[in-house]
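Reviewing the structure listed below.
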Amino acid sequence: MIRKKRTRLPTGQARSAAQSLAFAPFAFWAAIAMRDQGLLDALERAGAEGLSEQALGEASGLSTYAVSVLTDFALDIGLIERNGERLALAALGSVLLNDELTRVNMDFTRDFAYHGMARLPEALAEERPAGLAHFGPWATLYEGLSELKDPAASSWFRFDQFFSERAFEALVPRIFERHPTHVVDVGANTGNLASRVLRHDREVQVTLVDLPDVLALAQQRLSDEGLADRIRLHPAQLLDPALELPAGADAMVMSQLLACFSEPEIVSILKRAVSAMGPETRLYIIELFPDVQIHDAARYSLNAISLYFTAMATGNSRFYRRDQLLPLLDQAGLKLESEHEQIGQGHSLLVCRRQD
Ligand SMILES: C[S@@+](CC[C@H](N)C(=O)[O-])C[C@H]1O[C@@H](n2cnc3c(N)ncnc32)[C@H](O)[C@@H]1O
């Protein structure tokens, strides 16, 4: 008989962290309840003095039982603190309540990612977004974007756009340093960047490239803003290697786009960009590299979000590390002209031209 070798389990911190992991979804939903059912808000208003469980019940409309079972665990998570008979808001609870980035990330998880992440093991094994089936029968999330229903739709778009909006503030002035008259935005989504570019310069034309249904959302939005007379739409399935990108641009932008594709797909898309570029065209790539983040929390978030790309977006894409993405530019025939770190919300901007 083969005897199993006895291993000595580490104790203390590791075991404690292991329990946090084992019950991570419990902690998540308890935090959501504390936030969305008004307990954190009531505690913030009460200040350092705090509230009794009974007063918290009156403020939130929950029974004494519900308050006690929820707040006992909220104390363990560190959302709140106990001062004798009273409960008060802790720093973590305050961040959950007031920090916009945290709110956007939690809403994305609550309304969208949570419903598919349980199928991560299957997605990893089969390299397909198995968790997406909760929302629809699409091969990739992007094919279903325009059909997503609320609250999943609004939380997803808010999450996607929260990050890029900050990067666009830095990107737009940089693009206009070269006085472009025609900008092509590949992966234009609902037209956020196009709107900024068109409002920045009254002469510039923008071509938006995206899936047809997504472009319809962009067209509606830009019409509502009175900007549609300077746009062209280029409906495109970028996964089709025969699909050409629009030529004649002074500036081409790919913001948070390449993370939606596998490495071979990225090379294929970038090669088609090179074919559409003239010698003076600049390609502005915006990506989030987990390995160049200053804050541990940013790296943690990006590596977590990469697993959503696996389980729910495409099954084969991710936030690439810088050392994974840069060689792909070279393979596609691009020369990196300049690189700017930490624009927007931890984004990198890569300014590229053709290798001539
Ligand atoms: C992560 S979003 C980024 C949107 C925008 N550029 C930004 O920075 O906020 C990626 C965009 O690429 C588009 N996209 C993804 N896969 C695509 C495909 N296979 N063909 C065309 N567009 C695609 C999506 O529809 C979406 O609008």
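Every number here is computed from the coordinates shown, using simple stated rules; none is lab data. Computed from a predicted structure; not experimentally measured.
Residues whose amide H comes within less than 5 Å of that of M252, counting only those at least five positions distant or on another chain, are V184, R282, L283, Y284 (H built at 1.01 Å from N in the peptide plane). For the stretch 13-98, the Kirkwood hydrodynamic radius comes to 12.9 Å, computed from all pairs of different C-alpha atoms. The mean sequence distance of close C-alpha pairs (under 8 Å, at least 6 residues apart), as a share of the length of the stretch 217-313, puts its relative contact order at 27 percent. Residue by residue, the stretch 72-84 carries 3J(HN,Hα) couplings of 4, 6, 4, 5, 5, 6, x, 6, 9, 10, 9, 10, x Hz when phi is fed to the Karplus relation 6.51 cos²θ - 1.76 cosθ + 1.60 (θ = phi - 60°); x denotes Gly or Pro. Centroid-to-centroid, using Cα positions, the stretch 251-280 and the stretch 141-217 are 16 Å apart.
In the stretch 103-354, the DSSP beta bridges split such that about 40 percent are antiparallel, to the nearest 5.
Can you show me the helix-derived [θ] at 222 nm for the chain, built from DSSP H runs with n ≥ 4 at -39,500 (n - 2.57) apiece and divided by the number of residues, rounded to the nearest 500. Can you show the working numbers first?
On the way: 15 runs with 169 residues, N = 356.
The per-residue figure over the chain is -14500 deg cm²/dmol.
Using C-alpha pairs under 8 Å with a sequence gap of at least 6, the mean separation divided by the residue count of the chain gives a relative contact order of 14 percent. The HN-Hα couplings worked out from phi for the stretch 121-138 by the Karplus form 6.51 cos²θ - 1.76 cosθ + 1.60 (θ = phi - 60°) are x, 5, 5, 5, 5, 9, 6, 9, x, 4, x, 5, 4, 4, 9, x, x, 6 Hz, whole numbers, x standing for Gly and Pro.
Highest mobility in the GNM of the chain, judged by mean-square fluctuation with C-alpha springs under 10 Å and restricted to A273, A332, A118, is found for A118. Across the stretch 18-34, rounded Karplus estimates of 3J(HN,Hα) from the backbone phi angles (6.51 cos²θ - 1.76 cosθ + 1.60, θ = phi - 60°) give 5, 5, 4, 5, 4, 10, 4, x, 5, 5, 4, 6, 5, 5, 4, 5, 4 Hz, Gly and Pro being marked x. Less than 5 angstrom separates the built amide H of S52 from those of L87, all sequence-distant by 5 or more or on a different chain. The percentage of C-alpha pairs in the chain whose separation is greater than 35 Å is 35%.
Mean-square fluctuation check for the chain, GNM, Cα pairs under 10 Å: which of R82, R166, R35 is largest? Evaluated over the chain, the most mobile residue of the options is R82. D by Stokes-Einstein for the stretch 71-133, Kirkwood Rh over Cα pairs, 37 °C, 0.692 mPa s: 233 µm²/s.
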